[in-house]
1. Along its three principal axes, how long is chain A when you only count alpha carbons? Whole Å, largest extent first please.
2. Which value, in nm² and rounded to one decimal, describes the direction-averaged projected area of the C-alpha convex hull of the stretch B:48-200?
3. Each residue of the stretch A:22-35 in order: what ³J(HN,Hα) in whole Hz does its phi give by Karplus 6.51 cos²θ - 1.76 cosθ + 1.60, θ = phi - 60°, with x for Gly and Pro?
4. When only the heavy atoms of the protein chains count and the probe is 1.4 Å, how do A:Y9, B:Y109 rank by accessible area, highest first?
5. Can you give me the accessible area per residue for the stretch B:127-178, using a 1.4 Å probe, in Å²?
6. Placing unit charges on C-beta atoms (Lys and Arg positive, Asp and Glu negative, everything else neutral), compute the dipole magnitude of the stretch A:33-80 about its Cα centre in debye, rounded to 20.
7. Using the Kirkwood radius built from alpha carbon pairs, what does the Stokes-Einstein equation give as D for chain B at 4 °C and 1.567 mPa s, in µm² per second?
8. Consider all pairwise Cα distances in the stretch B:288-418 and report the whole-number % of them above 17 Å.
Amino acid sequence: MRSQNEFSYGGDATVKRPDLNKEISDQEWDNFVYNRKSLRGKHWELWQHISGCRQWIKVERDTATHEIFMTLKANEEISL
Amino acid sequence: MQKYSIFNLVKNAFANHQNWDLAWKDPTPKKEYDVVIIGGGGHGLATAYYLAKEHNITNVAIIEKGWIGGGNVGRNTTIIRSNYMHDDNALFSEFGMDLWRKMSQDLNYNVMFSPRGIINLAHSDAQMNVYARRGNSMRLNGIDAVLLNREQVREIIPMADFSENVRFPIFGGLMQPSAGTARHDAVAWGYARQADSMGVDIIQNCEVIGFDISGGKINGVRTSRGDIKAKKIGLCVAGSTNVLAEKLNMTLPIETHLLQACVSEPVKPVLDGVVTFGAGHFYISQSDKGEMVMGGDLDGYNSYAQRGNLPTLQHVLTEGIAMMPFLSKLKMLRTWGGIMDMSMDGSPIIDKTHIEGLYLNCGWCYGGFKATPASGWTFAHTIAQDRVHELNSGYSLNRFNTGHLLDEKGLGTKTWIS
């Protein structure tokens, strides 16, 4: 169990940057940069253990109860 | 409607105050309305009031999941100001200041608007320059702004830390003397009472379950108290915007975050204005009851919890104690949290949507309360005329697509960073 103070938030983990060298529409950029679902309930998000091992992780957390269901390494794919 | 006056007060005193009318009714929803406003908070109630008053549209329902005024209009730190640099924000907010000044008379309800001034403290020469620039912008837009030096600030708030050995010494500050506070619940109740008297149905305990949309047009809303038809529907649901957007199949440039506030035990008058710390995010004022009212940063991650966690509160109050050391002696009376609709550039959205007849009012971030009258006024205009007013033309939904962001603080899209 680690203190919440050691972690820094990195936002929605399901957002993917559009592929390099691909023709990208304004809408795709909008979805990447600005548009977010931000729903009540289960939410996959990025956290960094900034005052510790400095690893980025993906966390599935409930945005209403803060219950954590699952964690993944940053390079592991979320299977929805 | 009974007018609230000294004569009616005396008259009712003789009847032991048993004969006052209800401030608003509890109607059963009709099958159809001209306009349905979702969300019975400050903005929703103000919108309904201005629809009736300015546009003569009275066949209106406000539907509210809980009770009116139970969300952010009842949870904020009651600060009212228009100290913005960008024209769109400044002109919109200053228009609101005018409505605030007239509100108690206009609503026949004492909202206790108290223009006691706000001071943003500066802690470096660079910050003084930034404030001078913002102050000049404000004055060009007709808003009062005064740049204070260290001694002038000391005269107004002698209890702040003016000692030499501090991490963030006070260099001066930017003051808007006409800014202030108001009784937040009274704002909701005042708008509700007047809207009700002009024929608006205030329907509480009525949750939106879904929407009836066909051919790109809105036809009505499905609620826990039955289907309600309406050609025009306005969303004023603040922290629940993302939840309703999901039901509308829309993805918005909004994240839902938690913001905390707190009050200390009541003490004798010590602070007569609003003061903000310039080296972090902390603001403070003293309520008429004597409590020190304080707030600051978001908790920093998407949240619908409506209650905060302690690390953020500790961080915020550390800033407060750095600014005004006497705060460390006070006991905390109460802390609470509310969920904010944080937009990706820190400015709100008041606009039409791609669905005909569906209007959006959201993205109020830290500043929803002070915007209540201007938001209601411009949203009512947008709904009634089916076009935005020039005051809210900068608050468009597609500005994120066109690049016309309104990033007052220059923070970018990371809403959780404050």
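1. Largest first, chain A extends 45, 28, 22 Å along its Cα principal axes.
2. Averaged projected area of the stretch B:48-200's Cα convex hull equals 11.2 nm².
3. For the stretch A:22-35, the Karplus curve yields 10, 5, 10, 7, 4, 5, 4, 5, 4, 5, 6, 7, 10, 7 Hz.
4. I get B:Y109, A:Y9, largest accessible area first.
5. 57
6. For the stretch A:33-80, the charge dipole is close to 160 debye.
7. The Stokes-Einstein estimate is 58 µm²/s.
8. 66
The values are calculated or read from the model by the stated rules, or taken from the named source; none is laboratory data. Predicted model only: the values in this text are computed from it and were never measured. Note: ideal-geometry Cβ built from the backbone for every residue, glycine included; neighbour counts use all protein chains shown. Ligands, DNA and RNA are stripped out before the accessible areas are found, and what is left, the full protein with its side chains, is counted by its heavy atoms. Shrake-Rupley method; radii C 1.70, N 1.55, O 1.52, S 1.80 Å.
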